[in-house]
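The values are calculated or read from the model by the stated rules, or taken from the named source; none is laboratory data. Values in this document were obtained by computation on a predicted structure and should not be read as measured data. Positions of Cβ are backbone-derived with ideal geometry, glycine not excepted, and every protein chain shown enters the neighbour counts. SASA here: full protein model, heavy atoms, side chains in, ligands and nucleic acids out. Shrake-Rupley method; radii C 1.70, N 1.55, O 1.52, S 1.80 Å.
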Amino acid sequence: MASDQRVPGATGGSVHVLEVARGLAARGHEVHAVISRDGGRAAREEDGGVVWHRISWRPHRRLFRFRGRRAVDAIAAAVAPSVVMERYYNFGGEGIAVAARRGIPSLLEVNSPVVDHPRSLKGALDAALVVRPMRGYRESLVRKAAALVAPIPEIVPDFARPRTEVVTWGANVEAFAPAQRSEDLRRALGVPADAIMAIFTGSFRPWHGVHVLEAAARRLQARRDLFFVLVGGATEGPGEGYRGRRLGTRPYAEMPALVASADIGLAPYDTARLGQLALGFYWSPLKVFEYMASGLPTITIPRPPLSDIVRDGQEGLHARDGDPAAVAAAVARLADDAALRRQLGASARLRVVDRYSWARHCEQLERVLVRITA
C-alpha cells in the first residue's frame, strides 16, 4: 500500500516501492501494489511479476488520501490478501484501516517520523488543539499494525519499539554495477578525456546538500581534471562557477549507466536544514547504496547510520556536515589518488552486495511478514 507514490517514477519513494514489490514477487509471493493513479497508465496491470492497482480520490492530494479507502477496500475484497504492508506517510493509513476492519495482519513500514521532533511546527499546532488529533491518528495506525519496520527506532513511538525491526534500504546490485560504465556516455555528457567525474543524484531538497556540493565544486574550479555531474532537480544547464553540469531529473532506467560512468559519488548532506533529523538520520540514502553498488568511492557525512554504511577510509571518505571546504578536500584527495579510488570503490561494491541490496532488504521484510501471518 503506497498510494502517495507513482510507479514508475524518478523519486526515491517510487524506486523503493518498485524494488520492494518486484523483490517480494521474485521470492515467490503474490504481490499486489496499490499506488497513485497516473493518467497515462491503466488502473490495473501486471508487470514485473506484480499486479499494480492505481487508485484516485478527490481532490487528488496526499492530505486527502483517506478518501481512497473505499477503493482500497474493494481491492482487498477482490484479492483476499494474507497480509497488508503499508508505506507510512502523513495522512495515510488506508491500508492499515482496511486490514484492521477485515481482520488481516498488517505491517507498517515507517520511513519518516511518526513522532514529532523538537521544535516541530506540526507538533505545536497539534498541541494547540489540546487533544492532539494528529498524534492520536498516527499512533492509532501504529497500534493497529501487527509489526513495524524502520531504518532507525527513534522515529517510532516508544510503545511500538519492541514491535519494530530495523531494516535499511538498498540498491539493485544487478542493475547498478561497474560493468554499466560507458565511455560514450561520458563523452555525451561533456566529460573531458581523462577527467575525474564526480556525481550527485537525488532530489535537490535543501538538506541534501546541493548548495554545499556546488560551493565545494567552485573551490575546485581551477582543476581541469574534475567534472561535476548533478542528476535531479528541476533545471538543466552548465555548472554555475564550476566545471560540470546539471542534468535535471532522469528516468530510473538511465541511472545505472549514469552512476557507473562516474568516478566519485557525492552525498554531502546538510542536516541542519531539516528539523526532523534531530531525531536521527532516518532518511534511507538510496544514492549512497547505488554509488557503492556501482563501485564508486563515496563522500558523505560522519553521522550514523551513514558512517556505518560508508566507513571512512574503507568504502569512502567522510566530510563534515554542511562544510564545502571539507567536501572539496575529500574530492581532491580522491581525484589525486587513482589507487585509493579503486580500493575504496571495490570495497564499497562488496559491502553493498553483502549487506545493502534490495534482495537482502526483501529477505528481512519476508521474515517479518511470515512471522505476523503465522
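Percent of accessible area on the stretch 255-374 owned by carbon and sulfur, 1.4 Å probe?
Details: 2060 of 4240 Å².
About 49 percent, which is the carbon plus sulfur part of the accessible surface.
Can you give the accessible area per residue of the stretch 280-361, in Å², using a 1.4 Å probe?
Working: 2920 Å² over 82 residues.
For the stretch 280-361, the per-residue accessible area is 36 Å².
Where q = 0.15, 0.20, 0.27 Å⁻¹, what log10 of I(q)/I(0) comes from the Debye formula for the stretch 227-290, counting one point per Cα? Values, matching the q order: -0.60, -0.97, -1.24. Among residues other than GLY241 with Cβ under 14 Å from its Cβ, the summed charge is +4 (Lys and Arg +1, Asp and Glu -1).
Using equal-weight Cα scatterers in the Debye expression, the normalised intensity of the stretch 155-268 in log10 at q = 0.10, 0.13, 0.21 Å⁻¹ is -0.36, -0.56, -1.18.
Run the dipole for the stretch 212-364 about the Cα centre, Lys and Arg Cβ at +1, Asp and Glu Cβ at -1, nothing else charged, and hand back the magnitude in debye, nearest 20. Present the calculation step by step, with values, prior to reporting the outcome.
Details: 20 positive and 17 negative charges, 39 e Å.
My answer is approximately 180 debye.
For every helix of n ≥ 4 consecutive DSSP H residues, a contribution of -39,500 (n - 2.57) applies; sum these over the chain, divide by its total residues, and give [θ] at 222 nm rounded to the nearest 500 deg cm²/dmol. Value at 222 nm, helices only: -11000 deg cm²/dmol.
How much of the pair distance distribution for the stretch 1-91 lies past 24 Å, counting alpha-carbon pairs only, in percent? Mind showing how you got there, number by number?
Working: 515 of 4095 pairs.
Result for the distance tail: 13 percent.
Hey, can you find the accessible area per residue of the stretch 1-97 for me, probe 1.4 Å, expressed in square angstrom?
Numbers: 4590 Å² over 97 residues.
Per-residue accessible area for the stretch 1-97 comes out at 47 Å².
Using equal-weight Cα scatterers in the Debye expression, the normalised intensity of the stretch 72-228 in log10 at q = 0.19 Å⁻¹ is -1.17.
Most mobile of VAL79, VAL114, VAL352 per a Gaussian network model of the chain (Cα springs, under 10 Å)? Of VAL79, VAL114, VAL352, the Gaussian network model singles out VAL79 as fluctuating most. The share of C-alpha pairs in the stretch 328-374 whose separation exceeds 13 Å stands at 68 percent.
Ordering PHE176, PHE64, PHE227 by accessible surface, largest first, gives PHE64, PHE227, PHE176; the 1.4 Å probe counts only protein heavy atoms, with every chain in place.
In what sequence, highest mean first, do 297-310, 29-42 appear when ranked by Cβ atoms within 10 angstrom?
Averaged packing, sorted descending, gives the order 297-310, 29-42.
Heavy atoms only, probe 1.4 angstrom, no DNA, RNA or ligands counted: give me PHE91, PHE204, PHE281 ranked by accessible area, highest first.
Working: PHE91 85, PHE204 55, PHE281 5 Å².
Descending order: PHE91, PHE204, PHE281.
For LYS287, LYS144, give the ranking by accessible area with the largest first, probe 1.4 Å. Working shown, then result.
On the way: LYS287 15, LYS144 105 Å².
Order by accessible area, largest first: LYS144, LYS287.
With a cut-off of 11 Å, note down the residues of the stretch 216-233 whose backbone N falls inside the zone around a label point 7 Å from the Cα of ALA332 toward its beta carbon. What the label zone holds, given the 11 Å backbone N cut-off, is 219-223.
Farthest towards the positive end of the charge dipole of the chain, among the residues ILE196, SER140, VAL34, is the Cα of SER140, using unit charges on the Cβ of Lys, Arg, Asp and Glu.
Expressed as a whole percent, the accessible surface of the stretch 46-89 that belongs to carbon and sulfur atoms is 51, based on a 1.4 Å probe.
Throw me the Rg/Rh for the chain, computed over C-alpha atoms with Kirkwood Rh, two decimals.
Rg/Rh for the chain comes to 0.98.
Please list the helices of the chain that count as membrane-span-like by this rule: a mean Kyte-Doolittle hydropathy of at least 0.5 together with Cα atoms stretching 20 Å or more along the helix axis, each helix being a complete DSSP H run. Result, helices passing both filters: 12-26.
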